[in-house]
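The values are calculated or read from the model by the stated rules, or taken from the named source; none is laboratory data. All values reported here derive from a predicted model rather than from experimental measurement. Don't worry about glycine lacking a Cβ; one is built from the backbone with ideal geometry, like all the others, and counts go over all protein chains shown. For the accessible areas, the whole protein counts, side chains as well, though only heavy atoms, and no ligand, DNA or RNA atoms are used. Shrake-Rupley method; radii C 1.70, N 1.55, O 1.52, S 1.80 Å.
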Amino acid sequence: MKFFIDTANLEHIAEAESLGILDGVTTNPSLMAKEKISGDAAVMAHYKKICEITDGDVSAEVISTDFEGMKREASELVKIADNIVVKIPMIRDGVKAISWCTANGIRTNCTLVFSAGQALLAAKAGATYVSPFIGRIDDIGWEGMQLISDIAELYAIQGFETEILAASIRNGKHIVEAAKAGADVVTCPLSSFEALFNHPLTDIGLAKFLADHKKAAGQG
Ligand code: E4P
């Protein structure tokens, strides 16, 4: 399974990259705004900086909601670097834009996916990645992880090659469950990856090993 980081924060991306476990980055307009990146030139320059930190796939989201606008943005975004993947929302014109990108050799990430039917459309259009939003489904009282299992089953039966990118991941448990449910990729903030490090028995065990080592050294 691939690990993507879901942020536009350059320090967090560099930190994840330094761990040697980073396969890519996802961003969205809210994450860019959080870093106070605004204006076309600044946004493009920021994507370039991200692509200089990692060779992994970097999802850059279009702002347009019409086919012509999405086509124009996709054509500009892919000029930034070879590892740019154009992120396109699951709307009617979005599906049309994904089909156009597929036909023109542009890789895509279909975002804002909340149902298996939407995932089916994204795969038919040739999306490279499909992004079901687990946490946001949980937020409204449904079982987000079930959607990952459903899409994994559907894609396996139908032989679709679109990769399932579990998004809107909120904690370490989500990462493990998404892996079990058949996600090809998880994307989450640095804090969720860091949660995977932690276990009290690791801390207790390490403290004991070091104490015993010190004791033995004292005796020797
Ligand atoms: C994925 O590509 C999205 O940017 C992201 O995972 C959304 O997560 P959120 O629901 O925590 O905003």
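Brief remarks on what is shown
- Cα long-axis angle, helix 144-158 against the chain (0 to 90 degrees, to the nearest 10): 60 degrees
- Highest mobility in the GNM of the chain, judged by mean-square fluctuation with C-alpha springs under 10 Å and restricted to Ile106, Ile157, Ile53, is found for Ile157.
- Close amide H pairs (under 5 Å, H built 1.01 Å from N) link Glu163 with Tyr129, Val130, residues at least 5 positions away or on another chain.
- Proportion of all alpha-carbon pairs of the stretch 104-196 beyond 23 Å (%): 19 percent
- The stretch 142-205: Cα Rg divided by the 2.2 N^0.38 Å rule of thumb: 1.31
- Equivalent ellipsoid, the chain (semi-axes from 5 times Cα gyration tensor eigenvalues, Å): 36, 22, 14
- Table column - 3J(HN,Hα) (Hz), the stretch 11-23, Karplus curve with 6.51, -1.76, 1.60, x for Gly and Pro: 5, 5, 5, 5, 5, 5, 4, 5, 6, x, 10, 8, 10
- Calculated on the Cα set of the stretch 118-162, radius of gyration then Dmax: 11.0, 31 Å.
- On full extension, the segment bounded by Ile204 and Lys49 gains 51.8 nm, given 0.36 nm per residue less the C-alpha separation.
- Estimated FRET transfer efficiency (Ile21, Ala216; beta-carbon r; R0 35 Å; 0.05): 0.55
- If R0 is 30 Å, the Cβ-Cβ spacing of Asn104 and Ala42 corresponds to a FRET efficiency of close to 0.70.
- Under 5 Å from the amide H of Lys2 lie the amide H atoms of Val185, Val186, each residue being 5 or more positions distant or on a separate chain, with H modelled from the backbone and absent for Pro and chain starts.
- Segment Arg92-Ala33, extension gain: residue separation times 0.36 nm, minus the distance between their alpha carbons: 18.7 nm
- Beta bridges per DSSP with both ends in the chain, % antiparallel, nearest 5: 0 percent
- C-alpha center-to-center spacing [the stretch 179-213, the stretch 70-87] in angstrom: 35 Å
- C-alpha long axis of helix 67-77 to longest principal axis of the chain, angle in °: 50 degrees
- Amide proton proximity set for Arg107, modelled H, under 5 Å, gap of 5+: Val86
- Split the chain at each of the GluC sites (Glu not before Pro) in a DSSP loop with at most 15 other beta carbon atoms within 10 Å, and the longest piece is 36-142.
- Comparing Gly39, Gly135, Gly117 in a Gaussian network model of the chain (Cα springs below 10 Å), the most mobile by mean-square fluctuation is Gly39.
- The stretch 1-130 - percent of accessible surface contributed by carbon and sulfur, probe 1.4 Å: 53 percent
- Nearest 10 degrees, 0 to 90: helix 200-219 Cα axis against the chain principal axis: 30 degrees
- MRE, 222 nm, helices only [DSSP H, n ≥ 4, -39500 (n - 2.57), over the chain, to nearest 500]: -16500 deg cm²/dmol
- Spin-label pair Lys79/Leu196, simplified geometry with 7 Å Cα→Cβ offset, distance in nm: 3.7 nm
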